[in-house]
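Written below as structure tokens is the structure these notes are about.
Coordinate-derived values only; no laboratory data. None of these values were measured; they are calculated from a predicted model. Because the Cβ atoms are built from the backbone with ideal geometry, glycine has one as well, and the counts that use them run over all protein chains shown.
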Amino acid sequence: MPKLRVEFHALGSGRGRLGGQIDCLAATPLGSATLEVGSVATAPEDRLPVPTGQGTVFARLLAVESAIYADVGLAPDPDAEPRLLLLPGRAQLVHVLPGQSIAAILASDVSAPADSGGAALVDRSGTLSASGVAQQACPANPGRRFLLIANPDETRSFWFSAGGAASTGAGSVQVGPGGAFAFDKVVPAGAISVCGPASGQPFTVAEA
């Protein structure tokens, strides 16, 4: 029977504020569960609840045997748009919130071969090489399905751009101290550029 495997991972529970959370996401799930999926959407009593009291949490979703539509929300309905299509063997990471739960339904209108490629998270984190100078954090990736940009610095901001060279002005997005942006639905495919006020300033970038 088709199944949806779910792992919950917390960010910010590793070393420092955001340092080490990529390792945490890769190796230490908060918990895991398997949901049997059929032609009828998951009943309310069978939905998988998101762990509470764990900070920023992501769910790693993996369809087994068949394509599946999944939905995450306070009252998830994978029978209605918007919903997430999961192809068999291809894991996806989704930002989830306390109080939400996960439901699924068989994607009977989708035919796809099994694929063991998975969605390995690639850590692109680093430090700024110069003050006020844009540098590339990761190259363009047309197949990018998830992007995390976070600021582990507790006092200074940095800026990023997915459409050109980053600057500390208009056209770039500011990431405040301890802030983070996660893209799991509309995901930029372009090169990610970062810029900040101080040489040696750390930044966290990860993609899948």
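For the chain, what is the calculated [θ] at 222 nm in deg cm²/dmol (nearest 500), taking -39500 (n - 2.57) for each run of four or more DSSP H residues and dividing by its residue count?
Values: 1 runs with 7 residues, N = 208.
Estimated from H runs of four or more residues: -1000 deg cm²/dmol.
Each part gets one Cα centre, and for the range 74-111 versus the range 29-66 those centres are 9 Å apart.
Relative to the globular-protein estimate of 2.2 N^0.38 Å, the Cα radius of gyration of the range 126-199 stands at 1.03. Here's the picture: charge each Lys and Arg Cβ at +1 and each Asp and Glu Cβ at -1 in the chain, and of 43, 203, 148 the one pushed furthest to the positive end of that dipole is 203.
With a 10 Å radius around each residue's Cβ, average the other Cβ atoms per peptide and rank 69-82, 190-203, highest first.
On the way: 69-82: 16.5, 190-203: 19.0.
Final packing ranking: 190-203, 69-82.
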